[in-house]
Amino acid sequence: MAPRPYQGLGAPLAQGSGNSAAVKALQHDLRALGYLRQGIDGAFGGGTATALRALTWDLLHNNGASTGNDGPAPVAMSSLNRGAVAQVTDSVDPGLANCIADLMANDSVTKLPSSDDAVAANKTAMEALRAMLGTKAPPPFMAAMVRQESSGLHFRVPTPGDDDNYVVVGLDRNDDAAPDAITSRGYGLGQYTIFHHPPRPDEVTDFVLDPVRNVGKAFGELRQKFDKWVAGSVDVADDRTSEHPLLTNLRLCRFAPDDKRFLHDCKNCAAEAHKLEIERGTPCYPGASFGYQPTQYYLSAVYQGVPDRADFLCDWPYAARRYNGSGINSFHYQTRILLNLLIEPPFAGS
Amino acid sequence: MSLGIVLDVAIGLAFTYLLMAIIVSGLVEVLAGWRKWRGKSLRDGIAGLLDAGDHPLLDQLFKDVFAHGLVADLSRKGLPSYVPSRNFAMALLDVLKPDGSTGTAFSRIQFGIQKLPAGTVKQALSTFVEHAAGDAEALQKRIETWFDDSMDRLTGEYKRHTQAWMIGLSLVAAMVLNVDSISLARTLWTDPAVRSAMVGAAQQYVDRNGQATAADAQQKLQDARCALEKLPLPIGWTLQTPKKMDPPPACEAVALQITDFQDVMQAVKERLSSNAWIWMIVGWVLTALAVSFGAPFWFDALKNLLNMRNAGPKPPRSEASGGTS
């Protein structure tokens with residue numbers, strides 16, 4: 001394999017480097033390896049630096065174990081360091097450059113897929129989502145979540161100056177003791193999340209590559225949150241307990257399963273619900289000890305015309321919150337989903 | 001023995017019982033209005049539904065609901081005698097929302113129910129909330145049904161209560177007016193003139209009231225009293241001589257024949273001395289039991305008996321078939 005443009009350079013590549021061809025190749029490889037969130041534009045900025053820190057952290061510490069319970073990675077990244085990296089760094093010296101090139105050449109290190117026609121692939125994916133019937137969870141909620149998670153994209157669409165056409169990936173850094181470490185990655189349209197890295201080849205073909213299967217997985221995941229994370233058995237949602245202290249049974253839908261609006265009329269439910277104005281400090285639920293505040297992921301805590309989740313005659317708003325994030329972030333997420341419900345085009349059933 | 005005579009005797013008795021029943025039920029109505037039976041029964045019924053008395057919080061709940069504008073304003077003064085289930089449900093839901101709580105109406109109602117002491121009320125309301133599943137309107141409907149069901153039970157209890165009074169007052173009326181079934185039957189059986197006069201009066205009464213729209217209760221009571229007194233029967237505390245049949249005295253002129261206390265005493269003595277008093281008491285009791293069946297029962301019975309007598313239902317009077325009137 002030919003040397004990569006970032007190999008054999010006199011000086012290390014670092015933030016602000018002018019060698020855009022080398023930086024572009026580096027970004028390409030970091031993206032394929034699952035460390036860079038987005039952007040193959042040849043400009044070494046904060047994103048590239050953060051990606052390098054995550055990669056070098058993995059080369060030092062990632063033994064292939066899962067931070068969740070979805071099984072191990074096919075290979076331990078730390079076993080591929082081979083003395084190239086001694087500490088977490090955000091500049092690429094020749095040793096690290098060779099190491100990255102080796103990772104790219106190593107077939108046991110799974111690469112993220114890209115698409116040659118991202119626009120068409122994304123369109124197909126959204127159409128498939130909207131046409132899904134008999135799903136385990138309401139498609140309008142899933143569409144609202146997809147819009148929030150991935151802006152409705154499965155693959156990034158290249159723009160002039162940015163070659164990124166890789167699968168959309170969301171990176172979570174949830175380990176306070178190791179702020180550089182990426183603890184989980186959500187992939188594609190439905191941001192189906194796994195907790196080990198790199199992904200196993202079967203996972204790539206299953207849901208990373210195929211947007212329809214990806215969303216199918218996400219439906220299953222959302223249903224799991226609904227079944228177990230709202231009113232037991234894994235956890236109880238505080239917002240629901242506070243707003244519906246007497247409701248014990250989960251409410252799947254206000255409509256009966258033989259009604260064509262069953263799990264499909266969420267937009268109307270959202271439209272009918274009383275609307276809330278949320279600002280900094282608004283309690284996250286009645287009696288909550290904390291209120292909405294800007295966070296690292298959500299820069300504003302001001303929302304207008306939010307459908308009141310307590311007015312829904314189902315428990316999906318609570319389940320949606322459990323799908324992403326925790327604490328205040330999960331309430332931001334829920335709020336965005338509820339707002340997105342209002343702007344989704346109507347669904348087949350509704 | 002002629003079936004016709006038996007029928008006529010039965011018609012005579014039924015007609016007497018009907019008039020008595022109208023009078024007695026009128027008295028019960030007057031008593032109910034005076035003693036505010038309906039209002040009290042309704043208040044006690046709602047208190048019972050809300051288990052007031054079981055816990056201070058439930059006491060308060062009942063008081064708040066009963067004093068709520070949607071309930072209290074149904075009566076300008078005193079107790080409302082009827083509360084539409086919608087008013088009750090809305091008042092209850094409104095009272096349940098704790099002051100200063102936030103959230104949707106449905107959430108706030110749940111807070112309120114949560115605060116109630118454990119018991120049947122909390123259990124019932126919690127079940128309604130579970131079934132309503134977040135829909136405040138559905139919750140209100142369920143509470144309305146709950147209230148209606150309990151009001152149906154209450155109506156049954158109220159009926160039994162008035163029924164007891166009906167029997168008691170029937171007995172008093174039978175004694176005061178001295179309507180002794182046995183003596184009546186005997187007179188009817190032996191005196192064809194009385195029989196035919198009774199049948200005629202009964203037929204006339206049924207014809208008139210059969211088409212009349214529900215008259216004012218007071219008027220009905222008054223009419224019944226007049227009609228009863230015009231009957232050519234041995235009723236009232238007179239000496240044992242039947243009233244003269246004609247000319248029928250103007251109703252207003254008749255004061256129940258109890259004009260002279262000494263007459264009454266004399267009449268009582270007459271009966272006591274002749275051992276007839278045992279039969280008289282039995283006669284009263286029979287009258288009382290019969291009268292307590294109520295006016296609607298006797299009106300229907302009378303109509304049926306008259307139909308039997310006329311061998312088939314009397315064709316309705318046609319407006320078109322011109323008469324001599």
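The values are calculated or read from the model by the stated rules, or taken from the named source; none is laboratory data. Keep in mind that what you see is a predicted model, and the values were worked out from it rather than measured. Positions of Cβ are backbone-derived with ideal geometry, glycine not excepted, and every protein chain shown enters the neighbour counts.
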Test: A:S184 is free of Cβ contacts under 8 Å to residues at least 40 places away in the same chain and assigned by TED's automatic domain parsing to the domain that holds A:T335
no
Checking A:P317 against (1) farther than 15 Å from A:P140 by Cα; (2) within 14 Å of chain B (Cβ to nearest Cβ); (3) modelled with pLDDT of 95 or more, the condition it does not meet
(1)
Which residue is nearest to the chain's Cα centre (by Cα), if the candidates are limited to segment B:69-98 and must be of a type outside the set (A, V, I, L, M) and either within 14 Å of chain A (Cβ to nearest Cβ) or at positive phi (or both)?
B:G78
Hey, among the residues in segment A:247-274 that are of a type in the set (K, R) and within 10 Å of another protein chain (Cβ to nearest Cβ), which one's farthest from A:F226 (Cα to Cα)?
A:R254
Filtered residues of segment A:141-165 (kept if outside any loop (DSSP other than H, G, I, E, B), buried (at least 24 other Cβ atoms within 10 Å of the Cβ) and not β-branched (V, I, T))
A:F141, A:M142, A:A143, A:A144, A:M145, A:E149, A:S150, A:F155
Tell me, yes or no, whether segment A:208-221 has at least one residue that is in contact with a helix residue (DSSP H, G or I) (Cβ under 9 Å, 6 or more places away or on another chain), within 14 Å of chain B (Cβ to nearest Cβ) and not in a strand (DSSP E or B).
no
Could you list, in sequence order, the residues of segment A:135-166 that are aliphatic (A, V, I, L, M) and either farther than 23 Å from A:E344 by Cβ or touching an Asp or Glu at 6+ places or on another chain (Cβ under 7 Å) (or both)?
A:A143, A:A144
Against the condition charged (D, E, K, R), outside any loop (DSSP other than H, G, I, E, B) and modelled with pLDDT under 70, how does B:D246 come out, does it pass?
no
When segment A:44-67 is examined, which residues are found to be charged (D, E, K, R) and in contact with a strand residue (DSSP E or B) (Cβ under 9 Å, 6 or more places away or on another chain)?
none
Filter segment A:121-146 for residues that are at pLDDT below 90 and under 13 Å from the mean Cα position of the chain (by Cα) and give the result.
A:V146
Check A:P283 against each of (1) within 14 Å of chain B (Cβ to nearest Cβ); (2) within 21 Å of A:G152 (Cβ to Cβ); (3) out of contact with any Leu (no Cβ under 9 Å at 6 or more places or on another chain) and name the one condition it does not meet.
(2)
Result of the Cβ filter at 7 Å on segment A:112-130, keeping first residues that are more than 17 Å from A:M145 (Cβ to Cβ) and partners that are among the polar types (S, T, N, Q), at least 6 apart or interchain, is A:S114/A:N165; A:S115/A:N165; A:A118/A:N165; A:A121/A:S115
Just to be sure before I move on: is A:C284 within 27 Å of A:Y192 (Cβ to Cβ), within 26 Å of the chain's Cα centre (by Cα) and either free of Cβ contacts under 8 Å to residues at least 60 places away in the same chain or surrounded by fewer than 23 Cβ atoms within 10 Å (Cβ to Cβ) (or both) in the structure I sent?
yes
Check on A:G95, in the same structural domain as A:K24 (by TED's automatic domain parsing) and either on the phi < 0 side of the Ramachandran plot or in a loop (DSSP other than H, G, I, E, B) (or both):
yes
Please verify whether A:P345 is surrounded by fewer than 21 Cβ atoms within 10 Å (Cβ to Cβ) and more than 10 Å from chain B (Cβ to nearest Cβ), treating the condition exactly as stated.
yes
Being buried (at least 18 other Cβ atoms within 10 Å of the Cβ), in contact (Cβ under 8 Å) with a residue 24 or more places away in the chain and not assigned by TED's automatic domain parsing to the domain that holds A:L171 is true for just one of A:A137, A:A101. Which residue is that?
A:A101
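Among the residues of segment A:74-90, what is the count of those that are more than 17 Å from A:T50 (Cβ to Cβ) and either within 23 Å of the chain's Cα centre (by Cα) or among the acidic types (D, E) (or both)?
3
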Suppose we filter segment A:104-119 for residues that are of a type in the set (V, I, T) and in a loop (DSSP other than H, G, I, E, B); how many remain?
2
Restricting attention to segment A:223-246, which residues are part of a loop (DSSP other than H, G, I, E, B) and either more than 13 Å from chain B (Cβ to nearest Cβ) or in contact (Cβ under 8 Å) with a residue 60 or more places away in the chain (or both)?
A:V230, A:G232, A:V234, A:D235, A:A237, A:H244
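Within segment A:57-77, work out how many residues are touching a residue at least 60 places away in the same chain (Cβ under 8 Å) and either out of contact with any Phe, Trp or Tyr (no Cβ under 7 Å at 6 or more places or on another chain) or not in a loop (DSSP other than H, G, I, E, B) (or both).
Kept after step one, since they are touching a residue at least 60 places away in the same chain (Cβ under 8 Å), are these residues of segment A:57-77: A:57-58, A:61-62, A:64-75, A:77.
Now narrow it down to the ones that are either out of contact with any Phe, Trp or Tyr (no Cβ under 7 Å at 6 or more places or on another chain) or not in a loop (DSSP other than H, G, I, E, B) (or both): A:57-58, A:61-62, A:64-65, A:69, A:71-75, A:77.
Qualifying residue count for the region: 13.
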Out of A:G291, A:G305, which single residue is farther than 17 Å from A:P140 by Cα and within 14 Å of chain B (Cβ to nearest Cβ)?
A:G291
Please verify whether B:S196 is in contact with a helix residue (DSSP H, G or I) (Cβ under 8 Å, 6 or more places away or on another chain), among the hydroxyl-bearing types (S, T, Y) and surrounded by fewer than 20 Cβ atoms within 10 Å (Cβ to Cβ), treating the condition exactly as stated.
yes
Taking helices (runs of 4 or more DSSP H) that do not extend beyond segment B:100-197, which have at least 1 residues that are within 14 Å of another protein chain (Cβ to nearest Cβ)?
B:105-115, B:120-132, B:136-176
